[in-house]
1. Could you rank the peptides 33-43, 52-62, 179-189, 81-91 by their average count of other C-beta atoms within 10 Å per residue, with the highest value first?
2. Using just the helices of the chain, give the 222 nm mean residue ellipticity in deg cm²/dmol: DSSP H runs with n ≥ 4 each add -39,500 (n - 2.57), and the total is spread over all residues, rounded to 500.
3. Below 8 Å, C-alpha to C-alpha, sequence gap of six or more: please give me the relative contact order for the chain in percent.
4. Once you compute Rg and the Kirkwood Rh from C-alpha atoms, what is the Rg to Rh ratio for the chain?
Ligand code: TMP
């Protein structure tokens, strides 16, 4: 049952934690499942990730940023995602093209039509079967992400975390708007206890797999 499932949300929304919990849950059900992330997921894309997230690169132009995210995706799709799907695996991916639509579109103000074309090109037409949008308030999310970086000494992960609260509020709204247009996007309330959020996530996945199995 090869499914491509992506996780989206603002910084600090808890999507990575939920993805790892879902990985464990699906492995426990004996599914063949792998987890990956964007930008990254293979050596070339990991190198691009380092460039993209380095706070020292604060002069990066928006178009450069867009093309680097897209280049990382192109390699990731060919080298990792498509082969895993072809081998019948479920692929759980931390961010995908929707992040480009929202961060480079809403965040950086790049042209939507152009983004659609570039996303299509970079992903070779691959779109997720299901997208889980972990919805979380921007202020709390940003605070959580900044605290996490300090604790883990992960300053190098922080180029977007240096952006203003208004920027992150636009990102949150951009994701919510996307969910109203795309049927594959499910909004999950990420506020509250992590275990409760996991229950919400698992309930969406269970329903999705059941619907595909009976189709
Ligand atoms: P992460 O914090 O979820 O690992 O994601 C890295 C950062 O990259 C995050 O701030 C969102 C941003 N991003 C984009 O701006 N465009 C993209 O296409 C992707 C995949 C991520």
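1. Listed from highest to lowest mean packing, they are 33-43, 81-91, 179-189, 52-62.
2. Only helices count here, giving -16000 deg cm²/dmol.
3. Rounded, it is 30 percent for the chain.
4. 0.94
Here, each number is a calculation from the coordinates, and none is a lab measurement. Since this is a predicted model, take the numbers as computed values, not measurements. Virtual Cβ from ideal backbone geometry, glycine too; neighbours counted across all protein chains shown.
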